[in-house]
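The values are calculated or read from the model by the stated rules, or taken from the named source; none is laboratory data. Treat the numbers as computed from the prediction; the structure is a model and nothing was measured. Positions of Cβ are generated from backbone atoms using ideal geometry, with glycine treated the same way; all protein chains shown enter the neighbour counts.
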Amino acid sequence: MPDRRTLPLGRLALAAAAVALVVFIVLLGVLNPPRKDGVSTDRLGPEQGEQVTDYLARARASLAGTDTADRWALVSFTEPLVPEQIPRYSGGLRISQVLYQVSIPRVQTPLVAVPVPQGDEAAVSSAESAAWLLPRTVADQRAASINALSAARLRSGCACTVGLVLRGPLDGLRNLAAQNGIRAVQALPPDAVADRFGVVPLLPDQVDVVQPGPDDGPVPDQ
């Protein structure tokens, strides 16, 4: 017959083992934290519903500083550019992405971001890539018509370049911001990581509040 006096000791041993296991798991988590999934809150461009004047002030403030580190920056224009104009509005800085959006009155069209290798030629020829990046098969007939028309206009060399993502130092970005035709230049902090930030340009027709335009107009045939 078991000695009843040993039962409390056995229970204490089990409890101590359980506590030790919990402590071990906690320490393991502290010493080996889970890896981040790469999601970042960094963003270039205005927020939906933001006053345009507020964004322009934020963009100017982002260029303040004396460090010489290269930064990712968004350039927004007063008017859309044709591809051949892109080098003129890059300030000689490294172009990372070219942003395209075809303008159709009272029709919402997709924004297309095209990553480009170094060199002006790649940026100038990127409109064809933007056309290919538009989805060809969509369930909605209106969306399909908008994408088809956007692709056709991009291939024709339309004035549809609405922004550039550049990389360069603050002094070069400030010089670019002072250039005619440049509406805003916004820079990220120097520790921002490539491909870990969102990009939405300030469109030329956004003058008061940043918000989607109407989408009740007809889609032209061409």
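Would you check if Ser126 is touching a residue at least 24 places away in the same chain (Cβ under 8 Å) and either farther than 30 Å from Pro214 by Cα or aromatic (Phe, Trp, Tyr) (or both)?
When the stated conditions are applied, Ser126 does not pass them.
Among the candidates Gly92, Gly119, which residue alone is under 27 Å from Arg174 (Cα atoms) and modelled with pLDDT under 95? If you could, list the steps in order and put the result at the bottom.
Numbers: Gly92 fails: modelled with pLDDT under 95.
None of the other options fit; the residue is Gly119.
Among the numbered criteria (1) exposed (fewer than 14 other Cβ atoms within 10 Å of the Cβ); (2) assigned to a loop (DSSP other than H, G, I, E, B); (3) in contact (Cβ under 8 Å) with a residue 60 or more places away in the chain, which single criterion is violated by Glu79?
Every condition holds for Glu79 apart from (2).
Keeping to segment 153-163, report how many residues are surrounded by 15 or more Cβ atoms within 10 Å (Cβ to Cβ) and either of a type in the set (Ser, Thr, Tyr) or farther than 22 Å from Val75 by Cα (or both).
2
Go through segment 99-121 and give me each residue that's over 27 Å from Asp140 (Cα atoms) and under 14 Å from the mean Cα position of the chain (by Cα).
Scanning segment 99-121 gives a single hit, Pro115.
Of Ala192, Ala139, Ala122, Ala127, which residue is more than 13 Å from Leu99 (Cβ to Cβ) and either among the charged types (D, E, K, R) or not in a loop (DSSP other than H, G, I, E, B) (or both)?
Ala122
Is it the case that some residue within segment 136-144 is of a type in the set (Gly, Ala, Ser), in the same structural domain as Asp195 (by TED's automatic domain parsing) and in contact (Cβ under 8 Å) with a residue 12 or more places away in the chain?
No, that holds for no residue.
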